[in-house]
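Here is the structure we will look at.
The values are calculated or read from the model by the stated rules, or taken from the named source; none is laboratory data. These numbers come from a predicted model, not from an experiment. Here the Cβ positions follow ideal geometry from the backbone for every residue, glycine too, while neighbour counts run over all protein chains shown.
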Amino acid sequence: MRLALIVPVTFVLASACGSQEAKPAPAATWLSEPIAAVRTSELAAGASNPAPEIENPYGDDPGTLAQGRQLYGAMNCAGCHGGAGGGGIGPPLADKQWIYGGSDANIYATIVQGRPNGMPAFGPGLQGEAVWKLAAYVRSLSARAEAKEE
């Protein structure tokens with residue numbers, strides 16, 4: 001008896017579904033809009049123009065380097081990078097190889113923001129003039145090492 005009821009119900013449902021014509025889904029609205037409505041920009045994939053280099057406002061004068069050296073000692077940079085920047089736990093600073101760039105602006109960013117794998121961010125406690133002077137001193141360590149090699 002149950003089978004007799006299931007077959008007619010199934011037949012009715014199948015015929016009801018088959019009687020409707022399948023309509024294609026409407027095209028996406030962005031496909032139907034005219035090309036003039038598409039926004040364009042100057043941005044393009046690939047390498048961009050290099051960012052302008054930021055100059056150290058305190059330069060390389062002996063007073064700046066002396067204050068940078070004092071900060072190098074006070075912030076315990078030598079604990080990781082060595083007294084003369086030769087390296088230790090941290091990478092050497094007295095060579096030509098810089099992981100994040102050797103310009104004063106790159107060094108400034110490294111000091112303030114820190115870097116993965118051990119370089120702490122000193123930005124909360126050290127900013128502005130002090131960081132620029134420390135960056136000048138750190139860069140001078142590399143310049144002195146290059147001068148000794150020549």
- Message: Report every pair of residues separated by at least 6 positions or lying on different chains whose Cβ atoms are under 6 Å apart, first residue within segment 57-81 and within 11 Å of GLU129 (Cα to Cα), second of a type in the set (Phe, Trp, Tyr) and outside any loop (DSSP other than H, G, I, E, B).
- Response: TYR58/TRP132; GLY68/TYR137
- Taking segment 74-95 and keeping only residues that are surrounded by 17 or more Cβ atoms within 10 Å (Cβ to Cβ) and assigned to a helix (DSSP H, G or I), one is left with HIS81
- Among residues of segment 63-91, those that are polar (S, T, N, Q) and over 17 Å from ALA136 (Cβ atoms), counted: 1
- Search result, residues across segment 121-146 that are over 24 Å from the mean Cα position of the chain (by Cα) and outside any helix (DSSP H, G or I): none
- Item | Scope segment 112-145; condition farther than 22 Å from LYS96 by Cβ and β-branched (Val, Ile, Thr); matching residues | VAL112, VAL131
- Those residues that are over 14 Å from LEU141 (Cβ atoms) and among the aliphatic types (A, V, I, L, M), I need them from segment 92-114; list them, please. ILE99, ALA105, ALA109, VAL112
- Message: Criterion first (free of Cβ contacts under 8 Å to residues at least 40 places away in the same chain and among the aliphatic types (A, V, I, L, M)) does ALA109 satisfy it?
- Response: yes
- Task: Return the total of residues in segment 59-104 being within 15 Å of MET119 (Cβ to Cβ) and charged (D, E, K, R).
- Result: 0
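Residue by residue, here is whether (1) more than 24 Å from PRO62 (Cα to Cα); (2) out of contact with any strand residue (DSSP E or B) (no Cβ under 8 Å at 6 or more places or on another chain); (3) at pLDDT 90 or above holds:
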| residue | (1), (2), (3) |
| --- | --- |
| ALA78 | no, yes, yes |
| ILE99 | yes, no, no |
| ILE107 | no, yes, yes |
| MET119 | yes, yes, yes |
| VAL131 | no, yes, yes |
| ARG139 | no, yes, yes |
| GLU146 | no, yes, no |
| GLU150 | no, yes, no |
